[in-house]
Amino acid sequence: MLQIKDLHAGIEGKEILKGINLTIRPGEVHAIMGPNGSGKSTLASVLAGREDYEVTGGSVEFLGKDLLELAPEARAGEGLFLAFQYPVEIPGLSTINFMKTAVNEVRKYRGQEALDAAEFLKLMKEKMSLVNIDKNLLTRSLNEGFSGGEKKRNEVFQMAMLEPKLAILDETDSGLDIDAIRIAAAGVNAIRSKENATLVITHYQRLLDYIVPDFVHVLYNGRIVKSGGKELALELEETGYSFLKNEMNIA
Ligand code: ADP
Ligand code: MG
Ligand code: MG
């Protein structure tokens, strides 16, 4: 599904990602962990196609296409979804109207007809019950005055509506409270299938108590320095990241 080969990228002439290799297959959940500043959010931003970031080498193939050649909207159309970082607040735009536009843009990209009002309502009801979201939340302005938990619930709902092939979740360093984590994880787990994949990016291991990964990778100084199964996350929780400096012999 996703094949990253020797990816180098940076911002304002500074190299941040220094040769990332990662392969994700359908049905898999991968976690990327690592200390603050290691390049986790940069990787998520490069995959989503944020324009401030410059790719200086390597390749990313997504479902057989060159991802780096695609505009951000086209990446979403192909089935890539990035959540959890800096959710936007849009006063005056209800979540429902925002979702209608987003869903129909993705459908248009895929050559499908726009959903009419009744079809959209049906899809919404189905996904609302799947991720357990309150109807009242959807009529309020997008993210405006939402609590942390409500923002997460809303994002998971957006993810459910767009039915992504690969969802990338970047948990900010400030972290979510435990309720928000449970909400987010329950939604992600409800959406998981053999056909789609998830990339969870997190500084902390606690999110991985709820979204259990098949593979865990440690990102350090722009490189994946260690990969393993879910037990690697538990190991990191105990030892912290200090082992990296010794093991990698990096000052
Ligand atoms: P993480 O998500 O693992 O904490 P980031 O990808 O946010 O790491 O950051 C990696 C490195 O890139 C850090 O040294 C950070 O200071 C730098 N960086 C990130 N964003 C910018 C930016 N917009 N301008 C300059 N440097 C940046
Ligand atoms: Mg950071
Ligand atoms: Mg980050």
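What follows is calculated from the coordinates using simple rules that are stated; it is not laboratory data. Computed from a predicted structure; not experimentally measured. Counting neighbours? That spans all protein chains shown, and the Cβs are built from the backbone with ideal geometry, glycine included.
Calculated FRET efficiency, LYS194 to THR239, Cβ-Cβ distance, R0 = 45 Å: about 0.85 to the nearest 0.05. Every helix of 4 or more DSSP H residues in the chain counts as -39500 (n - 2.57), and over all residues that averages to -11500 deg cm²/dmol at 222 nm.
The modelled label-to-label distance for the pair ASP66/ASN104, using points 7 Å beyond Cα in the direction of Cβ, is 3.4 nm. Pairs over the 23 Å Cα-Cα cut-off, from the set LYS5/LYS108; LYS108/LYS194; LYS40/LYS152; LYS65/LYS230; LYS127/LYS230: LYS5/LYS108; LYS108/LYS194; LYS65/LYS230; LYS127/LYS230. For the chain, the residue among SER141, PRO26, VAL225 whose Cα projects farthest onto the positive side of the dipole built from Cβ charges is PRO26. Annotation: amide H of ALA197 within the under-5 Å range of GLY27, LEU166, ALA167, sequence separation 5 or more or interchain, hydrogens built in the peptide plane. Computed about the Cα centre, the dipole magnitude for the chain is approximately 420 debye when only Lys and Arg (+1) and Asp and Glu (-1) carry charge, each at its Cβ. Rounded to whole numbers, the Karplus 3J(HN,Hα) couplings from phi for the range 52-60 are 5, 8, 10, 8, 10, x, x, 9, 9 Hz, using 6.51 cos²θ - 1.76 cosθ + 1.60 with θ = phi - 60°, and x at Gly and Pro. Close amide H pairs (under 5 Å, H built 1.01 Å from N) link THR56 with HIS8, ALA9, GLY10, residues at least 5 positions away or on another chain.
Calculate one ³J(HN,Hα) per residue across the range 135-145 by plugging θ = phi - 60° into the Karplus curve 6.51 cos²θ - 1.76 cosθ + 1.60, and present them in order as whole Hz with x for glycine and proline. With coefficients 6.51, -1.76 and 1.60, one gets 4, 4, 5, 6, 8, 7, 4, 4, 6, 6, x Hz. Database remark: amide H of LEU93 closer than 5 angstrom to the amide H of LEU142 (H placed geometrically; neighbours at sequence offset of 5 or more, or on other chains; Pro and chain starts carry no H). Within the shell of other residues whose beta carbon sits under 13 angstrom from the beta carbon of MET128, the net charge comes to +3, with Lys and Arg scored +1 and Asp and Glu -1.
When every Cα-Cα distance of the range 2-129 is counted in 5 angstrom steps from zero, the calculated P(r) takes the values 2, 9, 16, 19, 18, 14, 11, 7, 3, 1 percent.
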